[in-house]
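Colleague: I am attaching a structure below and will ask some questions about it afterwards.
The values are calculated or read from the model by the stated rules, or taken from the named source; none is laboratory data. Everything quoted here is computed from the prediction, not taken from an experiment. Don't worry about glycine lacking a Cβ; one is built from the backbone with ideal geometry, like all the others, and counts go over all protein chains shown.
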Amino acid sequence: MAFYKNLSYMFVVQIANYLIPLLMFPYLIRTVGVDGFGKFNYALTITMILFVLSDFGFNLTAVRDISENKSNRYEKSKIFISVFIVRLIIVLIILISSITFAFIINEDSYWLVVYFLGMLIGQTLMPTWYFQGEERMFFSSVCSLLSKLVSAVLIFLFVSSETDLWLAPFAYSIGGVIGLIISIYFVINFFDLEFIMPGRQYVWEKVQGSFFVFMTNIVGNTYVLGSVIILGLFVNDRELGFFSISQKITVVIISFFQVFSQVIFPFLARKKDLVNSGWKRYVTYSSLMCLICYTLFYITGISDLVYLYFSGGVSQDGLEIFDWYLVLSTIISINVLINPIVLVFRGDRKLFRYSSMASCAFFILSYVFVPEFSSKGMIVVLFLVEFFILLMSIKFLSGRKVIN
């Protein structure tokens, strides 16, 4: 019952979480232009890369630790404090380094990254991972929803021309900090935790336990988030804006598959016998679900209507790029659903190895395809590396018989 309740909470709030930003896209494109939106997304992409650094893989390993110690108050308290301390140290280093770098280069595009740092602080320190491990996703859903609502209201109120571009990331930062404050309130008042200062050895063990997941996220995001940065080196702001619009819309679609993945991960971590006997059916059904959903989305013409609406009617030439991106999104969604099974099988090191190989291939292929084929070349490269990850994950699962 708890599983379905968490799933329903996340799906309902996820619709609102992504509907709010998508409603803002046409407004932002009309007010700051396609060029301005490209700069906005470029800065947001860099910020998300910084978030991968500050997260340090705890979004998966800490969830697994909490779900395995749900009845142990003392252990949960130590895990919570340890993760908070490590993330706080990392985010402070990033904050000081980013501001210093912005003063040194003194370019408007990088100052946009600085204006996003409040959102980075909020997302890093917000204990979403703890709510997920406790399988009480209502709290994280409320924090996320309120954060985005605040950001949306501020953007609609204060961003009215191209000169207001800097206010958009600043609005995101205010929303992120407010979400963090609310989440801390929830932890203090609704969860039975103690303030226990763990020893340095314990904290170090948690850091070591998250290292391979962290490195997997790093190398994995070099080709997911890095695609915008590399593409920006070879195309103009207008084409980068077309690519960014397609990416943003498909991220929303993929997020609904991520919701299922996030909710089922702590459940699978506790039901290892079920995973051991039924992972093949899970992988098969997950793949079929993704293929059917994306096929229906395309052949019914809904994809064209969605793109033309959320692009603000000013980037119809980018519609073909969006169709190509839908094919890529199908493979990404399948990987999103399969990853929890791999992690339950303790495949942290294997995922790191596969992602490292894919990342190397991404950089090589990008400089072969992108200069010649621009956005479509980048999409082809991303498809190849994601398909490689999928094949290697299935190969790993096929060789597993017992969960340690």
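Colleague: Pairs needed: first member in the stretch 212-241, more than 14 Å from LEU50 (Cβ to Cβ); second member anywhere, not in a helix (DSSP H, G or I); C-beta distance under 8 Å; at least 6 residues apart or different chains.
Modeller: Listed by first residue and then by second, the contacts come to PHE212/GLY57; VAL213/GLY57; MET215/GLY57; THR216/GLY57; GLY241/SER315.
Colleague: Further question on the same structure: Consider GLU135 against the criteria (1) touching a helix residue (DSSP H, G or I) at 6+ places or on another chain (Cβ under 7 Å); (2) assigned to a helix (DSSP H, G or I): it satisfies all of them except one. Which criterion is unmet?
Modeller: Status for GLU135: all satisfied but (2).
Colleague: Return the residue satisfying two criteria in turn: it lies in the stretch 52-107 and is at positive phi and in contact (Cβ under 8 Å) with a residue 60 or more places away in the chain, and of such residues it is surrounded by the most Cβ atoms within 10 Å (Cβ to Cβ). Give the steps one after another, and end with the answer.
Modeller: Kept after step one, since they are at positive phi, are these residues of the stretch 52-107: 56-57, 106.
Narrowing further to those that are in contact (Cβ under 8 Å) with a residue 60 or more places away in the chain: 56-57.
Numbers: PHE56: 24, GLY57: 21.
Across the stretch 52-107, the extreme among qualifying residues is PHE56.
Colleague: Taking only pairs six or more apart or across chains, which ones have beta-carbon atoms under 8 Å, a first residue in the stretch 190-209 that is modelled with pLDDT of 80 or more, and a second residue that is outside any helix (DSSP H, G or I)?
Modeller: Close Cβ pairs (under 8 Å, with a partner that is outside any helix (DSSP H, G or I)) amount to PHE191/GLU134; VAL207/PHE56.
Colleague: Right, another one. Checking the condition buried (at least 20 other Cβ atoms within 10 Å of the Cβ) and at pLDDT below 85, which residue from PHE345, PHE362 passes?
Modeller: On the way: PHE362 fails: at pLDDT below 85.
Every option except PHE345 fails the conditions.
Colleague: Given the options LEU157, LEU193, LEU88, LEU92, name the one that is under 30 Å from GLY38 (Cβ atoms) and hydrophobic (A, V, I, L, M, F, W, C). Outline the logic, then answer.
Modeller: Numbers: LEU193 fails: under 30 Å from GLY38 (Cβ atoms); LEU88 fails: under 30 Å from GLY38 (Cβ atoms); LEU92 fails: under 30 Å from GLY38 (Cβ atoms).
Testing whether each residue is under 30 Å from GLY38 (Cβ atoms) and hydrophobic (A, V, I, L, M, F, W, C) leaves just LEU157.
Colleague: While we're here: Is there any pair with a first residue in the stretch 131-149 that is more than 11 Å from MET10 (Cβ to Cβ) and a second that is of a type in the set (S, T, N, Q) and at pLDDT 85 or above whose Cβ atoms are under 9 Å apart and which are 6 or more apart or on different chains, and what are they?
Modeller: PHE139/THR128; PHE139/SER183; VAL142/SER183; CYS143/THR128; CYS143/SER183; SER147/GLN123
Colleague: Within the stretch 56-86, restricting attention to residues that are within 12 Å of LYS206 (Cβ to Cβ) and charged (D, E, K, R), which residue is modelled with the lowest pLDDT?
Modeller: ARG64
Colleague: Sticking with this one: Could you list all residues from the stretch 217-243 that are of a type in the set (Val, Ile, Thr) and either over 23 Å from the mean Cα position of the chain (by Cα) or modelled with pLDDT under 80 (or both)?
Modeller: So in the stretch 217-243, the residues of a type in the set (Val, Ile, Thr) come out as 218-219, 222, 224, 228-230, 235.
Across the stretch 217-243, the qualifying residues are ILE218, VAL219, THR222, VAL224, VAL235.
Colleague: I'd like to know if the stretch 208-219 contains one or more residues that are in contact with a helix residue (DSSP H, G or I) (Cβ under 8 Å, 6 or more places away or on another chain), exposed (fewer than 15 other Cβ atoms within 10 Å of the Cβ) and in a helix (DSSP H, G or I).
Modeller: Looking for residues that are in contact with a helix residue (DSSP H, G or I) (Cβ under 8 Å, 6 or more places away or on another chain), exposed (fewer than 15 other Cβ atoms within 10 Å of the Cβ) and in a helix (DSSP H, G or I), one finds none in the stretch 208-219, hence no.
Let's see how each residue does on (1) part of a helix (DSSP H, G or I); (2) hydroxyl-bearing (Ser, Thr, Tyr); (3) more than 18 Å from GLN247 (Cβ to Cβ); (4) in contact with a Phe, Trp or Tyr (Cβ under 6 Å, 6 or more places away or on another chain):
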residue: ASN339; (1), (2), (3), (4): yes, no, yes, no
residue: LEU351; (1), (2), (3), (4): yes, no, yes, no
residue: SER356; (1), (2), (3), (4): yes, yes, yes, no
residue: SER359; (1), (2), (3), (4): yes, yes, yes, yes
residue: SER366; (1), (2), (3), (4): yes, yes, no, no
residue: PHE369; (1), (2), (3), (4): yes, no, no, no
residue: PHE373; (1), (2), (3), (4): yes, no, no, no
residue: GLY377; (1), (2), (3), (4): yes, no, no, yes
residue: VAL385; (1), (2), (3), (4): yes, no, no, yes
